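The values are calculated or read from the model by the stated rules, or taken from the named source; none is laboratory data. On a predicted model such as this, the values are computed, not experimentally measured, just so you know. Neighbour counts are summed over all protein chains in view; Cβ atoms, including those assigned to glycine, are modelled from backbone coordinates with ideal geometry. Remember, those area values only see protein heavy atoms, side chains included, never the ligands or the DNA or RNA. Shrake-Rupley method; radii C 1.70, N 1.55, O 1.52, S 1.80 Å.
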Amino acid sequence: MTIKELAFISSHKEDDVNELLLHARQYPDIDMKVAAQQIQGWQTAKRKIPQWSATEGMLFPPHLSLEQCSSEQTAGYKAQLALHCLEEWKDKMESCYAESVPFADLTGGFGVDAVTIAAALPSAMLSFVEVNPELCACARHNFPLLGVERFEVFNKPCQEVLDTLPHQFLIFIDPARRDLQGRKTVALSDCTPDITTLQQQMMEKAEVVMVKLSPMLDLSEARRSLEGLREIHVVSVGGECKEVLLLLDREWGSDADVRVKCVNIKSGGTDSFNFLWNESQTAEAEYAEALGGWLYEPNASVMKAGAYKLVGRRFGLKKLSANSHLYTSDTLVEGFPGRTFKLDSTYTMSKKDVRRLKERTSKANITVRNFPLKVDELRKRLKISEGGSDYLFATTLADQSHLLLLCSKAGE
């Protein structure tokens, strides 16, 4: 980019990119396509990876690569996990990794995960593998700006590089989850590259393999398909499930139970719920014969992990029904991994009760759990607007009756 183009990008980085493109003829000295990519990239980074947007001189790739990259929160969680693995191995491997910790990212992308993990590992030596040449060029330019100096970039398919890599402490891989037609895939074998065929080679090349997968992944399939599966981490941010992380360890016995950790990263801290896979499979739920004064909704990570029965059993709660995934108690239970509500009143779907509900509130945050109507349909039926401090749960009890539960959030 020319000096003029760099100055243009700097002075217009807060502007509407579409408007700039519409008026491109007003700037004959500016390659507007290049400038628009950098401006849009900076704007996305400001929202998703603020530290990168605050770093002067960064180069940004096309929009899709930025939308697919990890956020600062999820990348930071992977870095903490990698450091925890290193601490577990420290006594055994201190002589091997006394001078540097070799770490390979086999599907580098824009490099957010690679840079964040490398920054957490002491004296990391990063092998960054990426098939897209533009992303490789961004990595070579950006990494030194971000403080990563010991790295090598390989512009090749990871299968080719894996054969030639020296032994690593950690291998990270984030296979693409779209097929040739751009459709999303959820099966392990449909991802690119296919980790089911690479797992043995990766485990021979590293002490630990970390695999990032879609939150749409069937965890039971991962349990069946992958050898050496030591841990499953289900990571949410602000209540939305973002990714599933798998740790593979060649020393983990095939008959050993898998550890599962459900994490929800939020502004006030982090919720976590840990259990063993077999513990969740054998847990039995206790169902409520009547509603107590408190209502509990598990966070997205617990729901994704399928720990519906276990979370209730662990906290001494009663489940409303087999498929509702809501819980109740007579007294407040602290530390629940999700949202906690004070149950104020209950209503049926009868005309009389709906009228009573509308007299009580005209605005509420509606959630549907195992109910015949969707949120929009129910809102239209009730004529209640969105928002406010009231929370309305539409659900089904164990006796198959439909109820509307009007709640207020605990602590408010």
Notebook entry, point to check: Which of (1) closer than 19 Å to P298 by Cα; (2) open to solvent by 90 Å² or more (accessible area, probe 1.4 Å) is the odd one out, the single condition F393 does not satisfy?
Noted result: (2)
Check: Restricted to segment 398-412, and to residues that are part of a loop (DSSP other than H, G, I, E, B) and over 31 Å from the mean Cα position of the chain (by Cα), which residue is surrounded by the most Cβ atoms within 10 Å (Cβ to Cβ)?
Finding: A398
Check: Listed residues T361, T367; which is touching a residue at least 12 places away in the same chain (Cβ under 8 Å) and over 27 Å from the mean Cα position of the chain (by Cα)?
Finding: T361
Next item on the list: Identify the residue in segment 322-332 that is crowded, with 18+ Cβ neighbours inside 10 Å and modelled with pLDDT of 95 or more and, among all such residues, is farthest from S385 (Cα to Cα).
Entry: S329
Item checked: Scope segment 367-388; condition of a type outside the set (K, R) and part of a loop (DSSP other than H, G, I, E, B); matching residues -> N370, F371, P372, L373, I384
Next item on the list: Scan segment 290-317 for residues that are open to solvent by 20 Å² or more (accessible area, probe 1.4 Å), touching a residue at least 60 places away in the same chain (Cβ under 8 Å) and part of a loop (DSSP other than H, G, I, E, B) and jot them down.
Entry: L291, G306
Next item on the list: Output yes when any residue across segment 336-346 is surrounded by fewer than 19 Cβ atoms within 10 Å (Cβ to Cβ) and not in a strand (DSSP E or B), and no when none is.
Entry: no
Margin query: Return the residues of segment 371-387 that are farther than 18 Å from S350 by Cα and either in contact (Cβ under 8 Å) with a residue 12 or more places away in the chain or of a type in the set (K, R) (or both); say none if nothing qualifies.
Written below: S385, E386, G387
Check: Only one of (1) among the aromatic types (F, W, Y); (2) closer than 25 Å to S236 by Cα; (3) modelled with pLDDT of 95 or more fails for Y347. Which number is that?
Finding: (2)
Check: Among the helices (runs of 4 or more DSSP H) contained in segment 1-120, which hold 3 or more residues that are open to solvent by less than 20 Å² (accessible area, probe 1.4 Å)?
Finding: 32-48, 72-93, 112-120
Next item on the list: Using the structure shown, decide if L378 is touching a Lys or Arg at 6+ places or on another chain (Cβ under 9 Å), of a type in the set (A, V, I, L, M) and open to solvent by less than 30 Å² (accessible area, probe 1.4 Å).
Entry: no
